[in-house]
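The structure under discussion appears below in the form of structure tokens.
Bear in mind that the values in this text are calculations on the coordinates, not laboratory data. Quick caveat, the model's predicted, so the values are computed rather than measured. Don't worry about glycine lacking a Cβ; one is built from the backbone with ideal geometry, like all the others, and counts go over all protein chains shown.
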Amino acid sequence: MPARRPPEPDRRETLSSSLGEFHGWSSRVSAKDGADDPPPLSRLRGERRTVRRTASNQDVQGFVAAREQHWHKLLQELIRIPSTFKCEQAMVARVAAHLESLGVGIRRFPHYSHQLKDQPAAQPPFSAAPGRYSLSARIPGSGGGRSLILSTHMDVVPEGNEAEWTHPPFSGHIDEPAGVIYGRGATDDKAGVVAALALLEIICHLPLRLRGDVICQFVLEDEITGNGTLLCLKDGPRADAAFIIDGTRLNRAINQHAGNVEFGIVLKGKPASVGVSHVGVNAAEMLARLVLHIRDAVFALNAERSELWKQFPSPFQISLQEIESVGRQLTVPDLARARFYMTFPPPFTLASMRELVTESAAKFCAAYGLEGLVRFDWDGFAVEPIMAECPSLEAVLQECATGAGLGSINIGPSTGTSDMRHFVAAGIPCLLYGPGDGGNPHRMDEFYKLADLSKVILLYTAVIQRWCGTAV
Ligand SMILES: [Zn+2]
């Protein structure tokens, strides 16, 4: 469709009539003169009251096309706000301010360490840093429809070594020819946050006139504990179903996760002079052997993984994350510590994996005469494998994806983890889907393909309408 200038604002015209003109607008924005800038939100909001019908697909497409560049800029702005664990305050403030600009009521859920420690489902670490909140915004429906939660996370993992990034990790650099935006959190999960904010804008200001409520959660600590979603569900509104917009391309959705567990091992050796090291037990060397022994035992389980999990070459994973040992002067080290992260698919459980690892270590200790010298610390992040039963939600997603020309979505398991477990524990069917194509999450040069933002917004708009029902 050819580009043309947007019409001059006429404050008396109805949104319905101005939406008709959205269809002719180009989504291209001239950075120099702003000639094709999308309409200001205040104008859309001011005209909302005159709408008398539910928005058509054409209305939605016109609205998304007109706002697309604005949402790209918002994503860039959010990437430029670092939001690693304990340092998310500025990001929370920015998202809250945006919600307020939409006229949406906000609930803040403080991450108080003293309260989280008392909750059995909460995971460590617990931060005492002030001013940290997960957010929830609820748009009430007119009644008689199903309610839906959309969950995204505001936190990001650390950027790592900045020198290894092609563009600075918090630059939000846009490669225009490639249609790609770079930066920590670009795809995980600030694109998800922007998609949810855009959906709220569509619901409120197009409007969609839904029967069921839509609740958007913007949580902290998805990357580290999952406690944000826990707080939002414990004290905030629940719903008939939930989508987590985080971590998949548009042809893929996740309905189950492997179990995840983090743990430590401490191995005591026997000191000896380095000149006669054979009379002692070098804890550093012995722990290095033990690490590989346990690793082999865990990886051997992959040979018998169940049919569903054969799409992954090795869903049983164990990764040595830390190892340390220091010998005193001219003395072999007599103490060594290691930390591990392990994933495992069902039917294995936390209990059976712990048993397997401790038995493997016991055999090793018996072979090397180390009984009583190895201690396990099961004190880290630990979640069981989780499966969300949600055939009706899957059917709606497939139906809407087909309608949007995205074809069939591959819905299946993931070796990672997410906050899905809290929805499942609350009895809420849940799928993880979107925000679309990106790459290098948790690594340098994380990126997101901007063209997918409007696609995922359009698809979720259809899903919301289909799931919640429309009033007219
Ligand atoms: Zn994520």
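Okay, here's what the table says:
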{"item": "Surrounding net charge for Ala388, when Lys and Arg each add one and Asp and Glu each subtract one, Cβ distance under 12 Å", "result": "-2"}
{"item": "Alpha carbon centroid spacing (whole Å) that separates the stretch 365-379 from the stretch 129-198", "result": "43"}
{"item": "Average Cα contact separation per residue, the chain, under 8 Å, 6 or more apart, as relative contact order %", "result": "21"}
{"item": "Considering only the chain, percent of DSSP beta bridges that pair antiparallel, nearest 5", "result": "70"}
{"item": "Selection from Ala303, Val291, Pro271 lying farthest towards where the dipole of the stretch 259-383 points positive, charges on Cβ", "result": "Pro271"}
{"item": "Dipole magnitude of the stretch 259-383, debye to nearest 20 (Cβ charges: Lys/Arg +1, Asp/Glu -1, about Cα centre)", "result": "200"}
{"item": "Formal net charge of residues neighbouring Gly236 (Cβ-Cβ distance under 13 Å; K, R +1; D, E -1)", "result": "+3"}
{"item": "Lysines whose Cα lies under 24 Å from that of Lys363, excluding same-chain neighbours fewer than 8 positions away", "result": "Lys268, Lys270"}
{"item": "Between the stretch 245-298 and the stretch 398-472, the alpha-carbon center distance in angstrom", "result": "34"}
{"item": "Virtual spin-label span in nm between Lys310 and His114, 7 Å along Cα→Cβ", "result": "5.5"}
{"item": "Bins of 10 Å from zero: percent of alpha-carbon pairs in the stretch 58-172", "result": "11, 30, 34, 19, 5, 0"}
{"item": "Charged-residue dipole, Cβ positions (Lys, Arg, Asp, Glu), the chain about Cα centre, Debye nearest 20", "result": "980"}
{"item": "Distance (nanometres) between label positions extended 7 Å along Cα→Cβ at Ser408 and Lys234", "result": "4.2"}
{"item": "Binned Cα-Cα distances of the stretch 308-407, short to long, each 5 Å bin given as a whole percent", "result": "2, 8, 13, 15, 15, 12, 9, 7, 5, 4, 3, 3, 2, 1, 0"}
{"item": "Where only alpha carbons of the chain are counted, the Rg and the Dmax (Å)", "result": "25.5, 93"}
{"item": "For the stretch 71-162, size of Cβ-based charge dipole, Lys and Arg +1, Asp and Glu -1, in debye", "result": "300"}
{"item": "Selected from Trp378, Ile323, Leu199, residue furthest toward positive end of dipole (the chain; charges at beta carbon)", "result": "Leu199"}
{"item": "Radius 12 Å from Cβ of Pro413, net charge of other residues (Lys, Arg +1; Asp, Glu -1)", "result": "+2"}
{"item": "Inter-label distance, nm, simple model (7 Å from Cα along the C-beta direction), His293/Ala97", "result": "5.7"}
{"item": "Extreme residue, positive dipole direction of the chain, given options Asn227, Ser101, Met387 (C-beta unit charges)", "result": "Ser101"}
{"item": "Added length on full extension, which subtracts the Cα-Cα distance from 0.36 nm per residue, Val276 to Ala351", "result": "22.9 nm"}
